[in-house]
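The structure appears right after this line, and notes come after that.
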Amino acid sequence: MAEASPRSGAGRPARVGALVVGSGFGGSVAAYRLAEAGLSVVVLERGRAYPPGSFPRTPAELGRALWDPSEGLYGLFDVWRFRGCDSLVSSGLGGGSLIYANVLLRKEAHWFVTREELPGGGHESWPLTRADLDPHYDAVESVLRPVPYPVDAEPYARTPKTRALREAAGRAGLPWSPAPLAVSFAPRPGAPPAPGLPLADEPYGNLHGVPRGTCALTGECDLGCNNGAKNTLDHTYLSAARHRGADLRTGHQAVTVEPLDSGYRVGYVVHDTDGAGQPARTADLPRQYIDCDRLVLAAGAYGTVHLLLANRARLPGLGPALGTRFCGNGDLLTFLYGRRGTPVPRPDRGPVITGVVGEADGGSGRGHIVQDGGYPGFLNWLAEGVRLAGGAGRLAAVAAGLAMDHARGSPDSNLSGEIAALLGPGRGFPGVLPLLGVGRDVPDGVMGLRDGRLDIRWTTATSRAYYEGVRTTMRQLADAMGTGCLDNPAWWWRRVVTVHPVGGAPLGDRPEEAVCDPYGEVFGHPRLYVADAAALPGPVGVNPSLTIAALADRMCTRLLEDRPPRRAYRPAPAPSTALTFAEVMRGALADGPGLALRLTITLDDVDAFIDSPDHRAAVRGAVDCDPLGGRLPVREGWFNLFVPSGLPGRRRMLYLLHLDGPQGRPLTLTGRKEVGDDPGPDLWADTTTLAVEFHHGRHAPGEEPASAPLCSGVVRVGRLDFVRQLASMRATGAAPLAALARFGRFFAGELWGVYGPGR
């Protein structure tokens with residue numbers, strides 16, 4: 001997807017309304033919001049695009065799937081080593097969403113602290129509250145559509161590591177909940193989940209043009225989803241941004257930033273990410289330029305802070321807070337192993353993360369959560385390759401090189417080349433179950449440059465109480481599971497591995513303590529914004545992706561406030577088809593008197609009815625009930641077809657009718673058909689038998705009645721009335737035959753899901 005430079009010959013650089021550097025959770029949200037508002041938008045992403053099916057899987061592919069252009073590596077994973085931590089981030093269109101574990105959690109309200117004192121001095125302070133972010137959390141979730149891991153449905157209920165962690169948490173007295181995951185488990189919202197089903201494209205299309213499918217439960221989330229089940233940023237925000245005219249340029253890496261009289265000029269280089277992998281020093285590549293009215297930096301905590309530090313002389317006025325407030329968002333990796341004949345549950349079944357244990361503080365007062373981890377079965381080649389002949393030699397060579405760099409005092413903080421050399425062909429990984437801790441370590445790290453490379457001064461020392469609290473929780477879970485608990489070898493040197501680096505250009509109220517104002521605009525540099533993890537003034541306490549995206553959405557709202565309002569783009573509604581049918585049910589009240597319901601049910605839009613999770617239609621007609629006054633007209637009514645009952649494998653049909661009683665007295669009828677496979681042939685009885693109750697007054701759908709029922713009864717659809725019901729079906733609108741066919745397939749499919757063999 002790399003495109004030609006916007007500069008040709010000796011002419012002036014092209015100018016755009018907004019330039020976004022990076023395509024992760026901040027950059028993709030900004031690209032969409034600004035393009036949707038009518039700005040001309042260009043996105044510069046250093047990595048390449050990864051459509052489903054293109055992520056590395058073989059040892060040879062994984063050995064090249066690292067980012068270090070000086071070694072001829074232009075892959076997905078970017079590995080870093082600093083004095084207090086190692087780190088893994090992503091390079092590709094969609095940023096960290098390509099390799100994250102899909103967890104979208106909101107930051108706890110009480111963790112938006114104000115001037116909270118830190119153990120080593122200084123303070124942590126968030127210049128906004130949870131209430132400020134909640135509307136933007138809502139906006140992001142509406143696009144990425146997180147859903148709880150469906151632990152009460154098959155085959156998900158049998159996920160071994162999910163069950164094991166859930167039961168262990170219960171035995172340890174710790175709270176557990178299914179993780180909210182930006183993963184498509186069902187082919188459409190409201191449909192039953194099932195692995196490997198085809199997904200329909202969104203209205204804004206799919207920039208890859210490659211089919212996607214529901215989650216196949218293979219534990220490959222962190223290596224890139226070749227099934228396309230992850231709702232990653234390339235499938236969502238970036239596809240929507242391109243639909244609105246955004247220009248997405250892969251293989252483009254920003255290297256310089258300088259202010260103009262109005263706006264900014266960005267220098268960038270173009271990497272041959274799809275070429276033969278020739279080594280190329282970024283500093284030696286030809287420099288090209290693009291001008292912009294607004295500049296959004298979203299290259300991740302490492303990329304954005306390095307860009308600002310390297311261009312500090314060009315951006316006078318960047319305050320003393322640049323490079324401060326770094327931490328690893330409390331990341332801690334631990335492994336559970338089998339002991340005393342108790343093996344660990346399989347880590348390769350399900351998504352990488354399925355459940356969350358938390359919130360806890362472990363005695364530190366900082367707070368943390370713990371999540372199950374996973375990895376695909378094919379990674380069994382990894383440790384075996386290190387163990388076999390050649391593995392030890394590769395390990396020794398890499399160790400010697402690192403030692404020599406350290407002795408010279410100029411360590412290379414990018415380890416991608418060394419990791420590629422270490423992996424070799426590889427096989428075999430021991431049977432362990434990862435546990436992932438996330439929380440509130442101490443944000444007292446300082447980022448700077450050393451010989452032009454990014455350098456970070458941060459250790460676990462001031463966060464020691466926090467990490468011991470996380471390890472305590474993990475040991476509790478291991479004991480409750482009957483397994484052993486093994487620290488990540490990095491912890492032997494009190495180092496951690498973080499996949500969530502945050503800070504370096506923090507938000508704040510004053511330029512003496514922050515780089516950006518509470519909306520992400522850089523102090524002293526109008527229309528220059530930071531919209532990624534660098535802007536976080538401290539740890540999020542949970543997986544930070546959703547908070548980064550929500551902050552970017554909030555930033556865009558403020559950025560666009562000085563522009564004339566523009567009506568948001570909405571696609572023209574597709575022609576709809578309505579469906580109506582009559583239903584007659586007869587029976588009696590519990591104390592004997594007769595009862596009849598004569599109803600007409602209307603689906604205004606068959607497609608919308610089927611796609612909606614509550615499958616709701618309108619009802620009109622009348623109810624005949626002599627003890628309550630004779631014929632009672634339906635003023636307003638609702639019918640819900642095949643909604644979950646709360647029990648596995650069962651559905652309900654719900655009726656709610658607002659009736660006009662004698663002298664206009666308001667009454668409400670509620671009705672319920674229980675659809676479930678019990679012993680014996682019961683499909684006909686379940687789908688035709690309605691239990692009803694009458695109540696005084698009105699209550700809305702989903703609202704409990706305020707009083708006990710006046711009376712109750714049972715009505716049924718007779719065989720002749722059922723034939724008349726089928727004959728009454730009428731479809732009108734754009735595609736009546738197709739609508740009838742789709743409704744029939746939906747109805748039959750739901751029944752098969754309840755009563756069919758092998759359900």
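Protein-only accessible surface at a 1.4 angstrom probe places the residues Asp553, Asp624, Asp284 in the order Asp284, Asp624, Asp553, largest first.
Straight-distance candidates among the lysines for linking to Lys161, with alpha-carbon spacing under 24 Å and chain neighbours fewer than 8 residues away dropped: Lys230. Per-residue packing, averaged as other Cβ atoms within 10 Å, sorts the ranges 110-120, 15-25 into the order 15-25, 110-120, beginning with the highest. Candidate values (i) 1.08; (ii) 1.17; (iii) 0.97 were compared with Cα Rg over 2.2 N^0.38 Å computed on the shown model; the agreeing label is (i).
Ordering 599-610, 719-730 by mean Cβ neighbour count within 10 Å, with the highest value first, yields 599-610, 719-730. Against the longest principal axis of the chain, how steep is helix 160-172, in degrees 0 to 90 to the nearest 10, with axes from Cα atoms? Compared with the principal axis, the helix lies near 90 degrees. Under a 5 Å amide H cut-off, with hydrogens placed 1.01 Å from N, Val113 pairs with Trp126 among residues at least 5 apart or on other chains. The slack in the chain from Arg287 to Asp611, taken as 0.36 nm per residue of separation less the alpha-carbon distance, amounts to 111.7 nm.
With the whole protein complex present, Ile369 retains an accessible surface near 10 Å², based on a 1.4 Å probe.
Can you tally the net charge around Ser184? Count Lys and Arg as +1, Asp and Glu as -1, for every other residue whose Cβ sits under 13 Å from the Cβ of Ser184. Don't skip to the answer; put the middle values down first.
On the way: positive: Arg145, Arg188, Arg212, Lys230; negative: Asp201, Glu202.
Combined, the nearby Lys, Arg, Asp and Glu give +2.
The HN-Hα couplings worked out from phi for the stretch 663-679 by the Karplus form 6.51 cos²θ - 1.76 cosθ + 1.60 (θ = phi - 60°) are 6, x, 5, x, 10, 10, 9, 10, x, 8, 9, 8, 10, x, 8, 9, x Hz, whole numbers, x standing for Gly and Pro. Accessible surface comparison of Asp517, Asp626, Asp132, probe 1.4 Å, protein chains only, largest first: the order is Asp626, Asp132, Asp517. With a 1.4 Å probe rolled over the protein heavy atoms of all chains, the accessible area of Glu167, Glu202 falls in the order Glu167, Glu202, largest first.
Placing +1 on each Lys and Arg Cβ and -1 on each Asp and Glu Cβ, with no other charges, gives the chain a dipole about its Cα centre of roughly 720 debye. A helix-only calculation puts the chain at -7000 deg cm²/dmol for mean residue ellipticity at 222 nm, using -39500 (n - 2.57) for each DSSP H run of at least four residues, averaged over all residues.
With the other protein chains left in place, how much accessible area per residue, in square angstrom, belongs to the stretch 132-186 at a 1.4 angstrom probe? Before the final figure, lay out the partial values.
On the way: 2240 Å² over 55 residues.
Per residue, the stretch 132-186 has an accessible area of 41 Å².
Rounded to the nearest Hz, the phi-derived 3J(HN,Hα) couplings of the stretch 237-247 under the Karplus curve 6.51 cos²θ - 1.76 cosθ + 1.60 (θ = phi - 60°) are 4, 6, 4, 5, 5, 5, 4, 8, x, 5, 9, where x marks glycine and proline.
The long axis of helix 545-559 is offset from the longest Cα principal axis of the chain by roughly 90 degrees.
Which percent of the accessible area of the chain is formed by carbon and sulfur heavy atoms (probe 1.4 angstrom)? On the chain, the fraction of accessible area on carbon and sulfur atoms equals 55 percent. For Lys673, go through the aspartates and glutamates and keep the ones whose alpha-carbon is under 16 Å away, minus same-chain ones fewer than eight residues off. Those aspartates and glutamates meeting the cut-off are Glu583, Asp614, Asp682, Asp686, Glu693, Glu750.
The values are calculated or read from the model by the stated rules, or taken from the named source; none is laboratory data. The structure presented is a predicted model; accordingly, all values stated were derived computationally and were not measured. Note that each Cβ is placed from the backbone with ideal geometry, even for glycine, and that neighbours are counted across all protein chains shown. Ligands, DNA and RNA are excluded from the accessible area calculation, which covers all protein heavy atoms including side chains. Shrake-Rupley method; radii C 1.70, N 1.55, O 1.52, S 1.80 Å.
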